[in-house]
Structure formats: C-alpha cells, structure tokens
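What follows is one structure encoded as structure tokens, with my remarks underneath.
The values are calculated or read from the model by the stated rules, or taken from the named source; none is laboratory data. Here the structure is a predicted model, which means the values were calculated and not measured. Here Cβ is always computed from backbone atoms with ideal geometry, including for glycine, and neighbour counts include all displayed protein chains. Note: areas computed on protein heavy atoms with side chains; ligands, DNA, RNA excluded. Shrake-Rupley method; radii C 1.70, N 1.55, O 1.52, S 1.80 Å.
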Amino acid sequence: MNKYIERIYNGIIKENPTFVIMLGMCPTLATTTSAINGFGMGVATTAVLIFSNMLIAALRNIIPEKVRIPAYVVVIASLVTIVDLLMQAFAPRDLYNALGIYIPLIVVNCIIMGRAEAYAAKHAPLLSAFDGIGMGIGFTCALTIIGFCRELIGAGSVFGYTIIPDDFHVGIFVMAPGAFLVLACLTALQNKLKAPSATNLTKEERAKKKLAGEPEGCTGNCQSCMLHAEEIVEKKIELKKADCPKTDAVSDREGGNR
Amino acid sequence: MQELLLIAVGAALVNNVTLSQFLGICPFLGVSKKVETATGMGVAVLFVISLASLICSLIYDHILVPMDLAYLQTIVFILVIAGLVQFVEMFLKKSIPSLYTALGVYLPLITTNCAVLGAALTNVQEGYGLVESVVNGVGISAGFLLAITLMAGVREKIAENEGIPKSFQGSPIVLVTAGLMAIAFCGFSGLI
C-alpha cells in the first residue's frame with residue numbers, strides 16, 4: 001500500500017486516537033453534546049494537527065533535543081490561536097459559542113503533542129502531514145459518532161432535526177454525566193474486544209507489542225500525559241525514600257533516568 | 001463580598017471543573033487510586049492554579065490589554081504556566097523543603113494540565129479583575145481537590161469489590177463512578 005494512504009488508514013482505523021489510543025479525553029467528553037459540535041471540534045483539531053505535524057517535522061533537525069517540548073508548545077499554541085481567530089470570523093456563531101473555551105484548550109490536547117513526539121519528530125514533513133490528516137479524520141469521525149449517539153439518545157435529534165418525541169428523551173445523556181457513562185461503555189467494549197489501548201494494557205504487554213511491531217496503543221511517554229501518572233508518582237516517592245541512605249542500586253537507577 | 005462568595009461556590013460546586021467542565025480529567029482518572037496521592041495532587045493543583053490565576057490576570061490586565069495584544073493570550077498563558085511551574089518547583093526545593101517533599105512529585109505533572117490553562121482563560125472570558133480571578137482560581141481548584149479526593153475514596157472501596165463484570169474492571173467502572181458523581185454534582189445547580 002502507498003505509504004501516504006497507509007498513514008491515513010492508520011489514523012482512522014488502526015490507531016484511531018479516540019477509540020484505540022484513547023488520547024484527548026477532555027474534548028471528547030466536553031464537546032460531544034451534539035454531532036455537529038463534535039464535528040466542529042474535530043475539524044478544528046484536525047487543522048491544528050496537520051500543520052503542527054508538518055511544521056514540527058520540518059523543524060525537527062533545527063530544534064535542539066533539550067528544548068523540544070517548549071518549542072512544540074509554541075508552534076502548537078500559535079496554530080491554535082490562528083484557528084481560534086479563523087473560527088471566530090467564519091464559523092457559525094452557535095458552534096463557536098458552544099465550543100467556547102475548548103478551542104484554545106486544543107493547545108493541551110494530548111493527541112497533538114503525542115503525534116509531534118511519536119511521529120513528526122522522526123519523519124519527513126509530507127509524511128507527517130498525512131499522519132496528521134489520518135489522525136485528524138479519525139478523531140473527527142470518533143467525535144461525530146459519539147456526539148451522534150449522545151444527541152440521539154439525549155435530545156432525540158439527528159444533526160439538529162428532532163426525530164424522537166419529547167417524552168422519550170433521556171436528557172441526562174446530553175448533560176455532563178452522560179459523557180462519562182458513554183465513555184465508560186466505550187472502554188468496557190474495548191476491554192471486551194481486547195483492542196489495544198492505553199487503558200487496558202500493562203507495561204509488559206505494551207513492551208511485548210512494541211517488539212512484535214504491532215500498534216501498542218499509547219506508550220505513555222508524553223510529559224503531560226496522566227494515564228501513567230500513578231506509576232511515575234509511586235516510582236518517584238520510592239526513589240525519594242531510598243535517596244536518604246543512598247543505596248547503590250537505586251541511585252544507579254535514578255542516574256540512568258536522567 | 002457576596003459576589004466573591006458566589007464566584008467561589010459557583011466554581012467549586014456548581015460548575016465543578018472536572019465533573020461538569022471536563023477539565024483535568026487525566027489526573028482525575030490517573031492519580032486517584034489512593035486517597036493520599038490524590039490529596040497530594042489536589043493540593044498541588046490548588047497551589048498552581050491559584051498562583052497561575054494571579055499571574056495570568058496581572059499579565060493580561062497590565063501587559064496584553066494596554067499593548068493591544070489580547071489575541072496572544074493562549075500562547076502567553078501556556079508559556080507563563082509552564083515557566084511558573086518550573087520556577088515554583090525550584091523555589092520550593094531551595095526555600096521550603098518540607099512543602100517540596102509533599103508536593104514536589106506532582107508539580108512537573110501539572111505543567112500542561114488543561115485545568116490550569118482553563119482557569120486562566122475562564123478568568124479572561126468572564127472579565128474578572130485581579131481579586132475575582134484569584135477567588136475563581138481557588139474555587140476551581142478547591143472543586144478539583146474535592147472531586148479527586150472523593151473519587152479516590154470510592155476507588156479504594158471499588159478495589160476490594162469482586163463483583164464487577166470482567167469487561168468493566170479498571171477504567172470503565174471508574175468512569176461509571178465519575179458519571180454517578182457528576183449526577184450528584186448536578187444537584188448543586190440550584191444553589192446559585
């Protein structure tokens with residue numbers, strides 16, 4: 001298969017950012033109150049993702065290793081500002097108001113930083129741009145599907161057209177708790193199907209998958225990612241406790257980490 | 001005074017940052033296995049959000065607005081927050097080691113937490129002044145501390161329960177719990 005087409009297939013199906021890797025949960029939960037809101041958020045994120053991947057890939061040999069995270073943040077934040085201003089000017093007013101604070105918050109969306117770290121920093125600009133397109137379309141599809149389900153159950157409508165009479169709405173699904181419940185069902189389904197994801201693999205399983213060259217889900221290496229925060233915190237506390245008597249094995253390990 | 005109280009209660013309970021705004025979901029799900037670590041995380045977030053609200057409000061009112069650069073808020077805020085967290089970490093390490101032992105582990109994890117940026121942006125969007133911003137920041141983070149501590153308490157009990165269906169073990173049951181907590185927090189909506 002053509003390697004560019006392969007990136008798009010990879011983003012939509014094999015490593016779908018929402019359904020498989022489970023990145024960027026904040027916008028997924030917050031902006032899927034209706035299909036059109038989910039779609040709008042997906043498109044905004046896609047735009048940022050394509051250009052951030054392309055720029056970071058183009059700059060990958062110039063940015064020094066040690067300051068790469070701040071450099072990525074500046075690139076991403078500039079792009080988000082551009083998208084925010086464009087949406088303010090051209091997007092429908094209702095949509096812009098509904099997305100509100102979540103548009104500037106694309107800056108801290110793990111998908112964008114994750115793709116920059118995992119893909120764009122190691123590949124050519126054009127290939128990275130296609131990776132951004134694939135991931136973006138995958139994210140947009142996922143958000144639209146979740147939004148569609150929540151809108152249908154919660155407000156009885158499809159893209160704003162009411163098809164189920166008022167008496168049969170389950171209003172909770174368009175409100176905050178509904179988002180958690182939908183996501184719970186989604187992750188349960190994933191566990192059931194044993195799909196690779198950040199949430200149902202242990203560290204060893206991830207390493208094994210990586211060796212086998214299969215999609216390993218999220219590797220949990222991003223600085224801001226919390227999915228493995230518990231591990232990090234416990235390890236640090238352990239290190240700190242062991243730091244006082246200065247055991248050789250532990251201080252060796254700590255040195256290695258730095 | 002009454003207005004400030006309304007802002008604080010509104011931010012902490014009515015529009016709870018995690019359970020109704022979905023900000024800071026990652027630490028909420030990631031660091032809530034034990035009450036002890038959850039509280040540590042909550043207090044660290046409280047510290048950083050309060051400070052970030054103060055600094056970002058000052059920068060917005062006295063640098064960005066007079067220079068007509070308000071559209072740069074996203075870039076400026078994220079860089080200020082990242083720098084602030086680094087600075088706070090160094091400062092605590094040097095000057096207040098006891099506080100650093102308690103919070104130091106969590107600080108680097110908060111750098112790009114969306115709740116911090118979310119708080120700074122909300123302050124600007126609502127047009128809050130300096131005092132209101134800080135009160136709003138404290139309210140938001142108090143809400144986060146409350147939610148994550150409650151969640152950790154529930155999760156400690158869940159861990160002992162063996163009746164959970166296999167596919168719901170792990171994060172799905174945590175999300176269901178979060179959903180139920182969110183329903184409970186909906187009850188606060190009549191408060192203001």
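Among the listed residues A:99, A:126, identify the single one that is in the same structural domain as residue A:47 (by TED's automatic domain parsing), open to solvent by less than 40 Å² (accessible area, probe 1.4 Å) and of a type outside the set (Gly, Ala, Ser).
A:99
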State all residues of the range A:18-33 that are of a type in the set (S, T, N, Q) and modelled with pLDDT under 85; if no residue qualifies, say none.
A:18
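Somewhere in the range B:64-76, is a residue closer than 26 Å to residue A:238 by Cα, open to solvent by 40 Å² or more (accessible area, probe 1.4 Å) and not in a helix (DSSP H, G or I)?
The answer is no, given that none of the residues of the range B:64-76 is closer than 26 Å to residue A:238 by Cα, open to solvent by 40 Å² or more (accessible area, probe 1.4 Å) and not in a helix (DSSP H, G or I).
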Which condition from (1) more than 30 Å from residue B:182 (Cβ to Cβ); (2) part of a helix (DSSP H, G or I) is the one that residue B:52 breaks?
(1)
Right, residue A:148: open to solvent by 30 Å² or more (accessible area, probe 1.4 Å) and farther than 30 Å from residue B:69 by Cβ or not?
yes
May I ask you to list pairs of residues, at least six apart or on different chains, whose Cβ atoms are under 9 Å apart, with the first in the range A:166-195 being facing chain B (nearest Cβ under 8 Å) and among the charged types (D, E, K, R) and the second being part of a helix (DSSP H, G or I) and crowded, with 16+ Cβ neighbours inside 10 Å?
A:192/B:167
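If we scan the range B:84-102, do we find a residue that is among the aromatic types (Phe, Trp, Tyr) and touching a Lys or Arg at 6+ places or on another chain (Cβ under 6 Å)?
yes
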The range B:1-53, residues that are open to solvent by 60 Å² or more (accessible area, probe 1.4 Å) and of a type in the set (A, V, I, L, M):
B:1, B:5, B:6
Any chance residue A:22 is in a helix (DSSP H, G or I) and either open to solvent by less than 10 Å² (accessible area, probe 1.4 Å) or closer than 29 Å to residue A:155 by Cβ (or both):
no
Which pairs turn up if I take residues in the range B:110-133 that are over 22 Å from residue A:96 (Cβ atoms) and open to solvent by 20 Å² or more (accessible area, probe 1.4 Å) and look for partners that are part of a helix (DSSP H, G or I) and of a type in the set (Asp, Glu) with beta carbon separation below 8 Å, at least 6 apart in sequence or on another chain?
B:129/B:61; B:130/B:61; B:132/B:3
Within the range A:104-123, track down each residue that is away from chain B (no Cβ under 13 Å) and either out of contact with any helix residue (DSSP H, G or I) (no Cβ under 6 Å at 6 or more places or on another chain) or not small (Gly, Ala, Ser) (or both).
A:115, A:118, A:119, A:121, A:122, A:123
For the range B:151-174, what are the residues that are closer than 22 Å to residue B:106 by Cβ, within 14 Å of chain A (Cβ to nearest Cβ) and either surrounded by fewer than 20 Cβ atoms within 10 Å (Cβ to Cβ) or at pLDDT 90 or above (or both)?
B:151, B:152, B:154, B:155, B:156, B:159
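Of all the helices (runs of 4 or more DSSP H) wholly in the range A:98-197, which have at least 2 residues that are of a type in the set (Phe, Trp, Tyr) and touching a Gly at 6+ places or on another chain (Cβ under 9 Å)?
A:125-155
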What's the number of the only condition in (1) within 9 Å of chain A (Cβ to nearest Cβ); (2) assigned to a helix (DSSP H, G or I); (3) more than 30 Å from residue B:2 (Cα to Cα); (4) out of contact with any Leu (no Cβ under 8 Å at 6 or more places or on another chain) that residue B:105 fails to meet?
(2)
Does residue A:63 satisfy the condition of being more than 10 Å from chain B (Cβ to nearest Cβ) and assigned to a helix (DSSP H, G or I)?
no
Hey, residue B:140 β-branched (Val, Ile, Thr) and over 27 Å from residue A:103 (Cα atoms) or not:
no
